[in-house]
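Working notes, beginning with the structure itself.
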Amino acid sequence: MNFIRFYFHKRVWYSSSSSLPWISPLQILKDSAMKADHPTQTLNNNSVEARRKSKYISHEATINLIKNEKEPQRALELFNMVSEQKGFNHNNATYATILNKLAQLKKFQAVDAVLRQMTYETCKFHECIFLNLMKHFSKCSLHERVLEMFYAIQPIVREKPSLKAISTCLNLLIDSNQVDLAREFLMYTNEHLKLKPNSCIFNILVKHHCKNGNFESAFEVVKEMKKSKTSYPNLITYSTLMDGLCGSGRFKEAMELFEEMVSKDQILPDALTYNVLIDGFCRGGKVDRARKIMEFMKSNGCSPNVFNYTTMMNGLCKEGRLEEAKEFFDEMKTFGLKSDAVGYTTLINFLCRAGRTDEAMELLKEMKERGCKADVVVFNVLLGGLCREGRLEEALRMVENLPYEGVYLDKASYRIVLNFLCQKGELEKATKLLVLMLGRGLIPHYATSNELLVRLCKAGMADDAAMALLRLVEMGFTPAPDSWSQLTELICRERKLLFAFELLDKLVMKEFATSTICA
């Protein structure tokens, strides 16, 4: 069966001449109530309150209410309810909002019903609705549905899809490695829409071949571009090719291509194009070559940006050339460029690994002064640096105080300190940190928890071990057999049998509850 004809027959809802009756998306959700969670309330308080306060809900208010609604059925009820108002007709914006909401929540059956309703509307729709739906379907690996959304553009929008729509659809298919679908899609656009590929479409194909290491095919696409009357290789084309060649270690060919781009095609590189080469050489362990490219860049009137400096700093740091990396960091500030979190994190990370945590702490202070917000990755790097230098008290204070300063910490933050405390035999502090962690709703890694229990047992700290296990069990943790056997042996040896029975009861009840839920 012809590929295109198959889709036109499969999805009759997007035919404007369809004689099938309108099926309410609300009804579809009600019919599938046995298969999915079903909200008990009809409208949330915001929706009801909005109706009480005003006799008429505007399009803008409708959009805001739908966006703020978490339940798909309530969003649909609101969508249908406002259409009953005298003088109210849904427009492109309200349809775009409800479709985006349903697609976000993966209510694709309801999406189909809303799209079918759109075929009966007289208002003007824009293809952006379908580009957005394409992206949602692609995220869910529903690649054929991506194509369906493209084919729905012309019947509903009543205009041919633009080159942007073609580029979006093709890019989603190529990124998902749906080569066969992409090939048939291109044949369709050429045959039925009479649209010739532009540079953007050619560049997508170049990217695909480079990604797969098929440079021969990539250069064949470039040849076709040069023959075409509607496109020609541009900066993106050359940057994509050079990036692929550098990633494959073909640095000489990348540089030859760079020279061809400048001398033959008269295309001047920008900072991002230079960064392709700088990053490629740095990743290939050729930092000195990357540095020469940066010097060439400056001498040819192209000012380096933050990304260029950060890339060079990262490459130098990986080779242990911290002082040179700091020179680039200082030079960047001299030229008035404001480093981002990535640049600071790069330096902080390698300073900590080099045992220069105090310098890293100074950089953290500078970050705050310059208004650059440090994320949890930066703090985890610093915690690791402090612990490796044996500065466990400082690491503990940081873990205790940072949440009060509005800094989010994750499991890794606590695990870093907890592991070092166990290794150094600081078991009392480790137990206190465990209690703090559990009190904040975080459970340590399974191996970390068991290691702490075993170490407490080996140290003869029965009360601490039992307390730690009780707290962990309450949070859903099940000890390893080795941890449990050592703990019960220690408790029995100290004649604390009642404690052992209480622990056993808790574990048995937990296992019973788990097996009941699973059943």
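The values are calculated or read from the model by the stated rules, or taken from the named source; none is laboratory data. Keep in mind that this is a model prediction, so the values were computed, not measured. Methodologically, a virtual Cβ is constructed for each residue, glycine included, from the backbone with ideal geometry; neighbour enumeration extends over all protein chains shown. All accessible areas refer to the heavy atoms of the entire protein, side chains included, with ligands and DNA or RNA removed. Shrake-Rupley method; radii C 1.70, N 1.55, O 1.52, S 1.80 Å.
Heavy atoms of the protein chains alone define the surface here; on that basis the range 412-475 has 42 Å² accessible area per residue at 1.4 Å probe size.
For the range 294-371, the set of trypsin sites (Lys or Arg not before Pro) satisfying both a DSSP loop assignment and a count of at most 13 other C-beta atoms within 10 Å is given as Lys338, Arg370. The local environment of Cys128, defined by Cβ-Cβ distances under 13 Å, has a net charge of +1 under the rule Lys, Arg +1 and Asp, Glu -1. With kT/(6 pi eta Rh) evaluated at 25 °C and eta = 0.890 mPa s, and Rh the Kirkwood radius from Cα pairs, the range 226-309 diffuses with a coefficient of 188 µm²/s according to Stokes-Einstein. Surface composition of the range 369-471: carbon plus sulfur atoms hold 50% of the accessible area, using a 1.4 angstrom probe and ignoring ligands, DNA and RNA. The share of accessible area on the range 98-222 that comes from carbon and sulfur is 51 percent, using a 1.4 angstrom probe.
Quick one: net charge around Asn275, please, counting Lys, Arg +1 and Asp, Glu -1 for every other residue with C-beta under 13 Å from its C-beta. Spelling it out: positives minus negatives among the neighbours equals -2.
For the range 115-224, the list of trypsin sites (Lys or Arg not before Pro) that fall in a loop by DSSP and count at most 15 other C-beta atoms within 10 angstrom reads Lys124, Arg158, Lys194. The value obtained for the range 326-443, namely the Cα convex hull volume divided by the number of residues, is 91 Å³ per residue. Using every pair of separate Cα atoms, the Kirkwood estimate puts the hydrodynamic radius of the range 58-105 at 10.5 angstrom.
Looking at the range 170-326, the accessible area is 50 square angstrom per residue; that uses a 1.4 Å probe and ignores ligands, DNA and RNA. Rolling a 1.4 Å probe over the protein heavy atoms gives the range 330-399 an accessible area of 47 Å² per residue. Counting every C-alpha pair in the range 91-247, the share spaced more than 21 angstrom apart comes to 49%.
Please go through the residue pairs Lys135/Lys338; Lys164/Lys286; Lys227/Lys252 and name each one whose alpha carbons sit more than 28 Å apart in this structure. Distance filter (> 28 Å) returns Lys135/Lys338; Lys164/Lys286.
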